[in-house]
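This report concerns only the one structure given below.
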Amino acid sequence: MTLDGGEPDWSGEDLMLTETIGWHTLNETASGTNMGKVRPASLSFETTFWFLYREGCCTGKFENQKNKLSCEMARLQNLLCIFCLVGLSATQDMPYEELVAQIKACPKECRCPPNFARAVYCDNKGLKNLPKIPPYTWYLYLQNNLIETLSSDALQNATQLRWINLNRNRITSEGVGDGLLSSMTNLAHLYMDDNLLSSVPSPLPASLEHLRLSRNRISKIPAGVFVGLEKLSLLDLQGNKLMDDAVTEVSLKGLSNLVQINLAKNQLSKMPLGLPPSTTQLYLDGNNIDKIPAGYFKGLPKVAFLRLNNNKLGSGGVPKDVFNRSSILDLQLSYNQLTEVPLIPSGLEHLHLDHNKITNVNGSNICPVPVDAVDDSLNESAPQLRYLRLDGNEINPPIPRDVITCFRFLRSIVI
C-alpha cells in the first residue's frame, strides 16, 4: 500500500520492526552509529529504500522533525547509508536479500564481516562443537579450536561451501560423519592439518581441488577414496604414519590431474608406487628411502620439482642416470649418504647435494654433454644449472675448472 507520493504506507500492521545484531553490524559499518529499526526480511529492496529514506537509517529519527533543514540533512545521510548497503551487495556479487539473510544468520560465536559476507570466521574461539553455518557461506574458518566431530546438522544449510579450514582441532576419523563431506558438492579446498585423523576421510566430493591432511595420524588410504576426484591437483599428506603398503596404485587410483603430492615425513622405505603421470611436484623428504629403481621417473614425464632430502640414499642405490629427465628443474638430495654426484640433466636449474659424503666433483663425468662441446654463446642447448650446493661434504675448494666450463649459467655455488 502506498501514499499519494508513491511511497509505502508504513501505518498499521504492514510493518514489523525488529532489532537484530546483523543489521546493527551493517549500520555500524556504514555510519558508526546504532539503528533501532530494521526492515523485515520479507520486504522488497524498493520498500526498504523508502523506509530508510523517510524514517532514518544511520542516525534514527530526528526529535525535531519541524526543522526542515535538519530533516533534509538527515535524508542526505540516509541516502549515503542506502548506497553503502547497495554497494555491499554489489561488491559481494550476491543478491541483496542473500546478503541480509547471511548477516542475520551469523552465529554469535563467529564474525561475518559485511564487506566479505560470504566468509564466516569462527577461528580461535575455543569451540568444541560446530555452530550452525549460514546458508550463503563460501569460506568457513574454524582453525585453532577444540572441535572433535563434524556435525551434519550444523552444515546442512551451508550447501554453497567452497573452502573450509579446520586446521589445528581434535577431529578424529570417527568424528567425520558418513557422507558429510561428499554432500558438499561445491567444496574445492579442504584443510584438516594438525588433527587426529587415522585415515583419509571418505567419501570426498568430486569438486575437491586441494586436500591438506598434514600432521595427522594417517596410516592408511582407503582403496578408491580418490576415484572420481578428477579436479584434485594438490594432496598434502606430510607428517603422517604412512608406510609402503599404504601408498599403492590402488590407493592413489583416480588422481588423473594431480600436480603436487607431499608425502614427506612419513615412514616410507621405498619410492611410492602408483603416482599419476600428471605429477609435477613430488616431495618425499624425511623418509627412510634407500634406493630408487632404474627408470622410476619414466612413469612421471612431467615431474619438475623433486625433493628427497633427509633420506638414506647412497650412490649404490641411485642409478647414475636415474635423474636424467628433461622435465626436472629442481632436484634436492640434501642430507643423504651419496658419495658421487649423479648425472645432471641439461634442463636442471637448481641442485642441492649438501651434507652428503661426496669427496670430489669431476665436471667431465657429471656434465650432460661433452665439456669441450659446450657452446660459449650460452644458448638454450647448453646445460642450464644456475644454483649448486655442495657444502657439508668432503670437498675442498676450488671448484674444478671443467665444472665451470660445463655449467656456464652457474650464478651461485656453495661449497
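The values are calculated or read from the model by the stated rules, or taken from the named source; none is laboratory data. On a predicted model such as this, the values are computed, not experimentally measured, just so you know. Cβ coordinates were reconstructed from backbone atoms using ideal geometry, including for glycine residues, and neighbour counts include every protein chain displayed.
Being surrounded by 19 or more Cβ atoms within 10 Å (Cβ to Cβ), assigned to a loop (DSSP other than H, G, I, E, B), at pLDDT 95 or above and within 22 Å of the chain's Cα centre (by Cα) is not true of ASN124.
Take the conditions part of a helix (DSSP H, G or I) and crowded, with 18+ Cβ neighbours inside 10 Å and apply them to PHE297. Does it pass? First the steps, then the outcome.
Working: part of a helix (DSSP H, G or I): yes; crowded, with 18+ Cβ neighbours inside 10 Å: yes.
Taking the combined requirement at face value, the residue satisfies it.
Listed here are the residues, each with its yes/no results for (1) out of contact with any Cys (no Cβ under 8 Å at 6 or more places or on another chain); (2) in a loop (DSSP other than H, G, I, E, B); (3) farther than 30 Å from SER219 by Cβ; (4) touching a residue at least 60 places away in the same chain (Cβ under 8 Å).
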| position | (1), (2), (3), (4) |
| --- | --- |
| VAL100 | yes, no, yes, yes |
| PRO107 | no, yes, yes, no |
| ASN145 | no, yes, no, no |
| ARG168 | yes, yes, no, no |
| LEU187 | yes, yes, no, no |
| ASP194 | yes, yes, no, no |
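Keeping to segment 205-237, report how many residues are closer than 11 Å to LEU252 by Cβ and part of a loop (DSSP other than H, G, I, E, B). Outline the logic, then answer.
If we filter segment 205-237 for residues that are closer than 11 Å to LEU252 by Cβ, which is where we start, we get 221, 223-227, 229, 232, 235, 237.
Keeping just the survivors that are part of a loop (DSSP other than H, G, I, E, B) gives 221, 223-227, 229, 232, 237.
Within segment 205-237, residues that are closer than 11 Å to LEU252 by Cβ and part of a loop (DSSP other than H, G, I, E, B) number 9.
The residues of segment 325-363 that are polar (S, T, N, Q) and either modelled with pLDDT of 95 or more or more than 21 Å from TYR283 (Cβ to Cβ) (or both), listed by number, are SER327, GLN332, SER334, ASN336, GLN337, THR339, SER346, ASN356, THR359, ASN360, ASN362. Contact map, segment 316-335: first residue in the same structural domain as PHE305 (by TED's automatic domain parsing) and part of a strand (DSSP E or B), second residue of a type in the set (Gly, Ala, Ser) and buried (at least 17 other Cβ atoms within 10 Å of the Cβ), Cβ cut-off under 9 Å, separation 6 or more or different chains; pairs are ASP330/ALA304. Within segment 252-275, how many residues turn out to be touching a Lys or Arg at 6+ places or on another chain (Cβ under 8 Å) and modelled with pLDDT under 95? The total comes to 1. For ARG170, the conditions (1) of a type in the set (D, E, K, R); (2) within 25 Å of SER256 (Cα to Cα); (3) in contact with a strand residue (DSSP E or B) (Cβ under 9 Å, 6 or more places away or on another chain) are fulfilled apart from (2).
Every residue in segment 159-171 that is farther than 17 Å from GLY239 by Cβ and either surrounded by 20 or more Cβ atoms within 10 Å (Cβ to Cβ) or of a type outside the set (A, V, I, L, M, F, W, C) (or both), please.
The first filter runs over segment 159-171 and keeps only residues farther than 17 Å from GLY239 by Cβ, leaving 159-165.
THR159, GLN160, LEU161, ARG162, ILE164, ASN165, listed by residue number.
May I ask you to verify whether ASN287 is buried (at least 18 other Cβ atoms within 10 Å of the Cβ) and touching a Phe, Trp or Tyr at 6+ places or on another chain (Cβ under 8 Å)? No; evaluated as a whole, the condition is false for this residue.
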